1. Is it true that A66 is within 14 Å of ligand 3 (Cβ to nearest atom), more than 26 Å from G307 (Cβ to Cβ), among the hydrophobic types (A, V, I, L, M, F, W, C) and at pLDDT below 90?
2. Among E438, E456, which is in a strand (DSSP E or B), closer than 25 Å to K38 by Cα and either out of contact with any helix residue (DSSP H, G or I) (no Cβ under 7 Å at 6 or more places or on another chain) or in the same structural domain as N425 (by TED's automatic domain parsing) (or both)?
3. Please go through (1) away from ligand 1 (no atom under 16 Å from the Cβ); (2) crowded, with 18+ Cβ neighbours inside 10 Å for N105 and return the number of the only condition it doesn't satisfy.
4. Return the residue satisfying two criteria in turn: it lies in the stretch 20-63 and is part of a helix (DSSP H, G or I) and of a type in the set (S, T, N, Q), and of such residues it is modelled with the highest pLDDT.
5. Just to be sure, is D253 crowded, with 21+ Cβ neighbours inside 10 Å, touching a Pro at 6+ places or on another chain (Cβ under 9 Å) and either outside the structural domain of T119 (by TED's automatic domain parsing) or touching a residue at least 60 places away in the same chain (Cβ under 8 Å) (or both)?
6. Working only within the stretch 64-116, note down all residues that are of a type in the set (F, W, Y) and either away from ligand 2 (no atom under 16 Å from the Cβ) or in contact with a His (Cβ under 6 Å, 6 or more places away or on another chain) (or both).
7. Which is in a loop (DSSP other than H, G, I, E, B), modelled with pLDDT of 80 or more and farther than 24 Å from K280 by Cα, of K490, K483, K479, K382?
8. Looking at the stretch 79-98 only, could you name the residues that are surrounded by 16 or more Cβ atoms within 10 Å (Cβ to Cβ), in a loop (DSSP other than H, G, I, E, B), more than 16 Å from ligand 1 (Cβ to nearest atom) and more than 20 Å from the chain's Cα centre (by Cα)?
Amino acid sequence: MTENEVNTEDVETKYQLSFDFIQKKLEGKKDSYGMLMKEIIRAGICTECGTCAAVCPVLEWDPIMAQPKLIGKCTGCGICYNQCPRTITDPIQLLGESITGYVANTNIPEVIRGQDGGTVTSLLCYLFDEHLIDAAVVTAKDPKNTWHPKAKIITSKQEALEASGSIYCHSQTVDALMDAIRADYHSIAFVGTPCNIDAVYKMKNSPHGMLKYFMRANVLTIGLFCMDSFSPETLYPMFQKDGIDLEKVIKMDINKGKFNIYYADKEEPVKAYTIRSLHKFKSSSCNFCTDLTAENADISVGSVGSGPKKNTVFARSALGAEIVEDAAKKGYITIEPYNAININSLLFLAKLKKVSQYTAQKRKVYIVRDVYERKEARIKTKPIAEELTSILTTRRAISVTKNLDEKAKILYLTITNTAGFTLDNLQFRIAAVDEVFERQPWITNIKELFPYESIEVEYPVEALEGSVLIEATSEVYGKVYSKTLKYEPKK
Ligand SMILES: Cc1cc2nc3c(=O)[nH]c(=O)nc-3n(C[C@H](O)[C@H](O)[C@H](O)COP(=O)(O)OP(=O)(O)OC[C@H]3O[C@@H](n4cnc5c(N)ncnc54)[C@H](O)[C@@H]3O)c2cc1C
Ligand code: SF4
Ligand code: SF4
Ligand code: SF4
């Protein structure tokens, strides 16, 4: 071999070694090829740049499907996910800018009803005691409407203690803030969810006539981490139907994917719902929200990223950092340094929230409550339009995922347009298949199903094991899907 010739075997080995090195470094992270498929490719935002295939030895670019294809065993290292230009993986993009972070908890015995570590209430106590604020805007329970939030102006430490705890519903905090400024309070601490904080941030930074207000008062913003909030008009009646007496409830919290409800000061919740089962009670705005950690606040406080009865705290402004550190110095709270935060769990959750901007279009939910026999139980089908035969036989026009809720005897079907273009005037037919007979057909028409848009169907089933037939015919393209899917209980 001459001096200028390259030994390709050596080069390949070097690349393989560096790939192994990065894989090792990313071990234990939850990013993977599956996430790339779900968040970027199936969400329809892939730019077809091919980077994912270029960086991984077991991925290659599939020109027919116009997407990456696995040709070997995926280790789940997530290199493809992290290198994709469409994913949001940078910590600053995910959590916003901050001066520093802490894990914190209260040292005040009276903060017994603090939601997590009681840090927010303790900071308010410190601010009142030190005469740094003359009022605060908090959210307490409405005395006239059980467990409904009521934003209010408070002027004492005692009132801060009484307002501790979280109510998982929208609160009109900005209204109370404006009242506080009009009432001539000059230094105000404002506690709110990221969307509340954004409203104040916008007023301060893009005033459009709000100048007169914000020249009159200093507003310190304390933001709460927030994944979602719920509509009390629909959530609470459901709780009551399940036998929960809201008058007896002393706390609600969200932990590890569960919404827990507590009576008295017991450790165990009286009822726990999976967050998934409460999806339909979620405020619609939260489906479009991308800020988990109140990125525009002076101080942000949440529970994810720290242990039980603790808080994760970010100080984003110099003022915020000084307040947290002085409150700790004066004994109101205990703080541990930034590296005490479980940053991976925080990044993972923040990522889920950031990608909601991509997946929001999939959140249309059609729910079948009663299936019934209909005279026109068949749909008129026609063959696939000739010009599309090759493309639709290679790419599946429709893909269906199923999930059986064994307790409720509901088969959850997510039907997605994977054709890569809008399917017009679709007619869906879903029917239970009993031997050769079909029963309980459900038929619906959908004017347009956009690329990668999904419809979700809750199809009631009689038995825990069986089959359903799913058919889809487009008026323009003909029969685009027909399959009998088997379902059975999880082993
Ligand atoms: C709607 C909502 C969703 C949340 N989701 C998450 C999440 O997904 N992950 C996470 O880590 N943390 C979440 N939190 C924050 C968490 O519940 C705690 O508020 C936070 O950890 C601070 O805990 P703490 O012990 O310091 O609170 P505390 O010392 O008990 O103080 C809580 C403060 O929150 C105020 N407050 C209560 N309800 C509301 C409301 N609806 N709007 C505005 N202010 C309110 C109270 O006035 C009080 O001052 C959420 C909070 C809310 C309100
Ligand atoms: S092995 Fe390849 S496909 Fe699997 S996660 Fe890593 S980079 Fe992605
Ligand atoms: S790197 Fe991302 S955008 Fe580029 S082809 Fe792969 S999935 Fe698509
Ligand atoms: S998820 Fe977003 S919109 Fe919904 S309450 Fe939280 S911050 Fe507000």
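1. yes
2. E456
3. (1)
4. T51
5. Working: crowded, with 21+ Cβ neighbours inside 10 Å: no; touching a Pro at 6+ places or on another chain (Cβ under 9 Å): yes; either outside the structural domain of T119 (by TED's automatic domain parsing) or touching a residue at least 60 places away in the same chain (Cβ under 8 Å) (or both): yes.
The answer is no for D253.
6. Within the stretch 64-116, Y102 is the sole residue that qualifies.
7. K490
8. Correct list: C84 only.
The values are calculated or read from the model by the stated rules, or taken from the named source; none is laboratory data. None of the values given here were measured: they were computed from a predicted structure. Methodologically, a virtual Cβ is constructed for each residue, glycine included, from the backbone with ideal geometry; neighbour enumeration extends over all protein chains shown.
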